[in-house]
Amino acid sequence: MILIVDSGATKSDWIALNEEGEQLFLTQTLGLSPEVLTREVIEDRLANNFDISKNKDNVSQLFFYGAGCGTDRMKNFLKDIFKDFFPNAKAEVREDTYAAIYSTTKIGHQGIVCILGTGSNCSYYDGHQLFQKVTSLGYILMDDGSGNFFGRKLLRDYYFHKMPQDLGIKFAKEYNLEADVIKEHLYKQPNPNTYLATFAKFIIENKEHAYCRGVIDKGLQQFVNNYIMQFELATKVPINFVGSIAHFLKDELAMVLERNDLILGVIRQRPIEGLVEFHKATI
């Protein structure tokens with residue numbers, strides 16, 4: 001059995017294939033980012049999934065693409081967990097950027113590949129190799145244009161009284177905005193980046209409001225300036241995207257790219273479908 005996993009900060013998509021490339025099951029767990037989770041939490045999330053736990057001895061190959069897997073230390077941390085949990089599997093762990101590449105860009109073709117989901121990232125793919133200009137320092141300092149970026153902006157504007165009154169009233173009705181609750185999630189609970197990203201739904205649902213339009217446009221332009229424009233070939237190759245923010249704000253994203261003379265390529269909400277096709281071709 002072959003397991004293919006696309007793991008973001010919020011959730012992980014798992015697809016199991018047999019040796020002929022036929023799908024055996026599709027399931028989800030919560031995100032498995034090694035940067036913010038302990039070994040115990042990751043093991044619990046694996047063990048508490050029926051399909052994964054039931055079939056753990058049958059897995060011969062595991063291809064894991066995950067947020068927070070950009071360093072050897074984090075890769076080895078996860079490999080060690082997988083070695084114990086999937087005793088018969090050969091595990092390969094790569095950062096989620098590779099999932100985005102394999103899902104959107106054909107081997108041998110150039111392109112810039114961006115992640116716009118809970119977090120954000122951007123890489124250049126020359127058809128064979130991946131190149132990054134920006135080393136991520138995590139959600140507190142970076143992640144421009146991401147779900148947690150927009151969530152942080154909404155909370156700050158609400159508390160600094162910069163959000164329009166009509167929108168602020170609506171925002172307060174949809175979320176528990178008590179300071180103690182917010183601080184509990186940010187400083188004491190796991191996955192504060194995922195918590196911040198939950199507020200991005202509000203900006204998407206109200207994107208026709210002038211305030212939200214402005215925040216979205218500024219956030220996406222900031223992502224273009226700080227990430228995409230790092231590459232000299234930015235205006236010459238397609239710009240591909242994966243992630244829910246890119247998917248649900250695709251019209252706004254297209255406008256920002258056009259304004260910057262950039263070529264919009266493929267947008268996928270989830271890269272797992274493209275990953276399956278990629279790995280089927282190598283079976």
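State all residues of segment 249-283 that are in a helix (DSSP H, G or I), of a type outside the set (Gly, Ala, Ser), surrounded by 15 or more Cβ atoms within 10 Å (Cβ to Cβ) and touching a residue at least 40 places away in the same chain (Cβ under 8 Å); if no residue qualifies, say none.
Hits for segment 249-283 are GLU252, LEU253, ILE272, LEU275, VAL276, PHE278, HIS279, LYS280.
Residue check, LEU30 against (1) within 18 Å of ILE2 (Cβ to Cβ); (2) in contact with a strand residue (DSSP E or B) (Cβ under 7 Å, 6 or more places away or on another chain), all met but one. Which one?
Of everything listed in (1) within 18 Å of ILE2 (Cβ to Cβ); (2) in contact with a strand residue (DSSP E or B) (Cβ under 7 Å, 6 or more places away or on another chain), LEU30 misses just condition (1).
Taking PHE131 and the conditions (1) closer than 21 Å to ALA9 by Cα; (2) under 20 Å from the mean Cα position of the chain (by Cα), which numbered condition does it fall short on, given that it satisfies the others?
PHE131 satisfies all of (1) closer than 21 Å to ALA9 by Cα; (2) under 20 Å from the mean Cα position of the chain (by Cα) except (1).
Could you say which residue among ILE169, ILE239, ILE203 is within 27 Å of LEU30 (Cβ to Cβ) and either modelled with pLDDT of 95 or more or not β-branched (Val, Ile, Thr) (or both)?
So the residue among ILE169, ILE239, ILE203 that is within 27 Å of LEU30 (Cβ to Cβ) and either modelled with pLDDT of 95 or more or not β-branched (Val, Ile, Thr) (or both) is ILE203.
Tell me which residues, restricted to segment 136-153, are surrounded by 13 or more Cβ atoms within 10 Å (Cβ to Cβ), hydrophobic (A, V, I, L, M, F, W, C) and farther than 21 Å from GLY214 by Cβ.
Answer for segment 136-153, where residues must be surrounded by 13 or more Cβ atoms within 10 Å (Cβ to Cβ), hydrophobic (A, V, I, L, M, F, W, C) and farther than 21 Å from GLY214 by Cβ: just MET142.
Output the number of residues of segment 13-36 satisfying the condition of being part of a loop (DSSP other than H, G, I, E, B) and surrounded by fewer than 21 Cβ atoms within 10 Å (Cβ to Cβ).
Within segment 13-36, residues that are part of a loop (DSSP other than H, G, I, E, B) and surrounded by fewer than 21 Cβ atoms within 10 Å (Cβ to Cβ) number 7.
Between residues in segment 72-94 that are on the phi > 0 side of the Ramachandran plot and residues that are surrounded by 12 or more Cβ atoms within 10 Å (Cβ to Cβ), which pairs lie under 6 Å by C-beta distance while being six or more apart or on different chains?
Once the first residue is on the phi > 0 side of the Ramachandran plot and sits in segment 72-94, no partner that is surrounded by 12 or more Cβ atoms within 10 Å (Cβ to Cβ) comes close enough.
Which of the residues spanning segment 1-12 are charged (D, E, K, R) and surrounded by fewer than 21 Cβ atoms within 10 Å (Cβ to Cβ)?
Correct list: LYS11 only.
Modelled with pLDDT of 95 or more, surrounded by fewer than 24 Cβ atoms within 10 Å (Cβ to Cβ) and either of a type in the set (D, E, K, R) or not in a loop (DSSP other than H, G, I, E, B) (or both): which single residue out of LYS83, LYS133 fits that description?
Just a single option satisfies the conditions, and that option is LYS83.
In segment 213-244, how many are surrounded by fewer than 19 Cβ atoms within 10 Å (Cβ to Cβ) and either on the phi > 0 side of the Ramachandran plot or assigned to a loop (DSSP other than H, G, I, E, B) (or both)?
Of the residues in segment 213-244, 5 are surrounded by fewer than 19 Cβ atoms within 10 Å (Cβ to Cβ) and either on the phi > 0 side of the Ramachandran plot or assigned to a loop (DSSP other than H, G, I, E, B) (or both).
Restricting the search to segment 154-188, which residues are assigned to a loop (DSSP other than H, G, I, E, B) and surrounded by 11 or more Cβ atoms within 10 Å (Cβ to Cβ)?
Answer for segment 154-188, where residues must be assigned to a loop (DSSP other than H, G, I, E, B) and surrounded by 11 or more Cβ atoms within 10 Å (Cβ to Cβ): LYS162, MET163, PRO164, TYR175, LEU177.
If I ask for residues that are outside any helix (DSSP H, G or I), of a type in the set (A, V, I, L, M) and within 22 Å of GLU19 (Cβ to Cβ), which ones from segment 43-80 would you list?
VAL59, LEU62
Return yes when THR97 is crowded, with 22+ Cβ neighbours inside 10 Å and among the β-branched types (Val, Ile, Thr) and no when it is not.
yes
Can you confirm whether segment 206-223 contains a residue that is β-branched (Val, Ile, Thr) and within 30 Å of SER123 (Cβ to Cβ)?
Among the residues of segment 206-223, at least one is β-branched (Val, Ile, Thr) and within 30 Å of SER123 (Cβ to Cβ), which makes the answer yes.
For the condition buried (at least 20 other Cβ atoms within 10 Å of the Cβ) and of a type in the set (Gly, Ala, Ser), what is the one hit in ALA210, ALA200?
ALA200
Is there any pair with a first residue in segment 125-149 that is on the phi < 0 side of the Ramachandran plot and a second that is in a loop (DSSP other than H, G, I, E, B) and among the acidic types (Asp, Glu) whose Cβ atoms are under 8 Å apart and which are 6 or more apart or on different chains, and what are they?
Taking only residues 6 or more apart or on different chains, the pairs are SER136/ASP143; PHE149/ASP143.
The values are calculated or read from the model by the stated rules, or taken from the named source; none is laboratory data. This structure is a prediction, so every number in the text was calculated from the model and none was measured. Note: ideal-geometry Cβ built from the backbone for every residue, glycine included; neighbour counts use all protein chains shown.
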